[in-house]
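Colleague: Handing you a structure now.
Where a number appears in this text, it was derived from the coordinates with a stated rule and is not lab data. Remember, predicted model here, so these are calculated numbers, not experimental data. Note that each Cβ is placed from the backbone with ideal geometry, even for glycine, and that neighbours are counted across all protein chains shown.
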Amino acid sequence: MDALPADQIDTSDIPELTDEQWAGAVRGRFYRPIKQQITARLDTDVLAWLKAGGQGYQTRMNAILRRAMMAELGRRG
């Protein structure tokens, strides 16, 4: 099957997933979005607040920004 183009693979016998089946779906354990290193200027108090949470402040910052992005996209959609 690896040699076949996707449009030549017959998937007609694969049933559609129901909303109930999708309800328990989680992103794959090995999913890792591509990261890009940047330089950003943050207010001193914002950075202090993030760093006060201990190690991993950049990960927390990314999570906060991702939630904001998803909320904004949800409002548009």
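Colleague: Using only alpha carbon positions, build the gyration tensor of the chain, then give the equivalent ellipsoid semi-axes as the square roots of 5 times its eigenvalues, largest first, whole angstrom.
Modeller: Working: eigenvalues 309, 60, 37 Å².
Each semi-axis is the square root of five times an eigenvalue, giving 39, 17, 14 Å.
Colleague: How big is the equivalent ellipsoid of region 37-77 along its three axes, where each semi-axis is √(5λ) from the Cα gyration tensor, reported in whole Å from largest to smallest? Please list the in-between numbers first.
Modeller: Working: eigenvalues 104, 25, 19 Å².
Calculated on Cα positions only, the semi-axes equal 23, 11, 10 Å.
Colleague: Can you run phi through the Karplus equation (6.51, -1.76, 1.60; θ = phi - 60°) for region 31-44 and list ³J(HN,Hα) in whole Hz, with x for Gly and Pro?
Modeller: Each residue's phi maps through the Karplus curve to give 5, 9, x, 5, 9, 10, 6, 9, 10, 10, 9, 10, 4, 4 Hz.
Colleague: Further question on the same structure: Where does the chain land at 222 nm, in deg cm²/dmol rounded to the nearest 500, when only DSSP H runs of n ≥ 4 count, each adding -39500 (n - 2.57), divided by all residues? Kindly include the intermediate steps, with their values, before the conclusion.
Modeller: Details: 3 runs with 34 residues, N = 77.
Computed ellipticity for the chain at 222 nm equals -13500 deg cm²/dmol.
Colleague: For region 57-72, in order, what is each residue's ³J(HN,Hα) by Karplus, 6.51 cos²θ - 1.76 cosθ + 1.60 with θ = phi - 60°, in whole Hz (x at glycine and Pro)?
Modeller: Ordered by residue, 3J(HN,Hα) equals 5, 5, 5, 5, 4, 4, 5, 4, 5, 5, 4, 4, 4, 5, 5, 5 Hz.
Colleague: Applying the Karplus parametrisation 6.51 cos²θ - 1.76 cosθ + 1.60 with θ = phi - 60° to the phi angles of region 9-14, what ³J(HN,Hα) value in whole Hz is obtained for each residue in order, glycine and proline being reported as x?
Modeller: 8, 7, 10, 5, 8, 8
Colleague: Right, another one. State which stretch of the chain is the longest one without any exposed chymotrypsin sites (Phe, Trp or Tyr not before Pro), exposure meaning a DSSP loop state and at most 15 other Cβ atoms within 10 Å.
Modeller: Numbers: sites that count: Phe30, Tyr31.
Excluding the exposed sites themselves, the longest stretch runs over 32-77.
Colleague: Could you please report the charge total around Met69, scoring K, R as +1 and D, E as -1 over all other residues with beta-carbon less than 12 angstrom from its beta-carbon?
Modeller: Numbers: positive: Arg66, Arg67, Arg75, Arg76; negative: Glu72.
Here the charged neighbours net out to +3.
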